[in-house]
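Beneath this line is the structure, given in structure tokens, with notes to follow.
Just so you know, all these numbers are worked out from the coordinates, no wet-lab data involved. Being a predicted model, the structure only gives us computed values, none of them experimental. Every residue, glycine as well, gets a Cβ built from its backbone with ideal geometry; the counts of neighbours run over all protein chains shown.
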Amino acid sequence: MTIDVVVARHNEDISWAKGILPDRRLVVYTKNVDLPNVGREASTYLNHIVKNRDKLADWTFFCQANPVYHCRNFVEIVNGFPDTELQCVLFNAGGPSFYVDKPVRNLEINPPGDDLKNDCRGLWSGLFKGNMPEDILFAPCSIFGISRNRLLSRSVNFYWQAVLLSCSRPRGPWEFERLWSYLWRDKDTPFVRC
């Protein structure tokens, strides 16, 4: 089984990545070097999917530049995968499976700050036809693993539309954080726009 670890980085220290086993491929995208500095990790992940569509690993782990801040045992999860797959807080067979300390409900009372108060309906309507679920259970911080088969279940056009939305919507990256799992759940999104 091939495993990639895709890191969305700006200028953060990624020395934690030295702990990743050599048989896992580490792919680091540095903003303003490899990609424009827009869209935060959402555009990084989506660009990776589009540009590597024909050579995706069997499983890809996507993370921000400091995943251990949000998931203390991230390196151990990646190194032990697939045996560690069920250490996630939100599980979907074939992924995405999310790895953070705990999941959050979009409509629950939010801590101070506007980060959790995003209205994702605009992003939803840019990707899907039909109504967005009333409440969303999501894992903050966009740290997840997903299979190649699941990634290939969406078209290149769908991903390009997602890239555009991640870069053009002022709160796009935070909206994607809430909707990542819905990108690959057909039963919840029966009509894809692209």
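Computed values, structure above
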| item | result |
| --- | --- |
| For the chain: lysine pairs under 23 Å (alpha-carbon distance), excluding those fewer than 8 apart on one chain | 6 |
| Spacing of the two label points (7 Å from each Cα toward its C-beta) at Val28 and Leu164, in nm | 3.3 nm |
| Ranked packing of 75-87, 30-42, most packed first, by mean Cβ within 10 Å | 30-42, 75-87 |
| The chain: calculated mean residue ellipticity at 222 nm from DSSP helix runs of at least 4, using -39500 (n - 2.57) | -7500 deg cm²/dmol |
| HN-Hα J in Hz across the range 176-184 - Karplus 6.51, -1.76, 1.60, θ = phi - 60°, x for Gly and Pro | 4, 3, 7, 10, 3, 5, 6, 4, 10 |
| Length gained when the stretch Glu76-Asp119 is fully extended (0.36 nm per residue, less Cα-Cα span) | 12.1 nm |
| Net charge dipole size for the chain [Lys, Arg +1 and Asp, Glu -1 on Cβ; Debye, nearest 20] | 560 debye |
| Calculated semi-axes √(5λ) of the Cα gyration tensor in Å (choose from (i) 30, 19, 15; (ii) 32, 25, 14; (iii) 24, 19, 18), label | (iii) |
| Charge dipole (debye, nearest 20) of the range 1-85; +1 at Cβ of Lys and Arg, -1 at Cβ of Asp and Glu | 280 debye |
| Simple spin-label estimate for Lys51 and Ala93 in nanometres, 7 Å along Cα-Cβ | 3.4 nm |
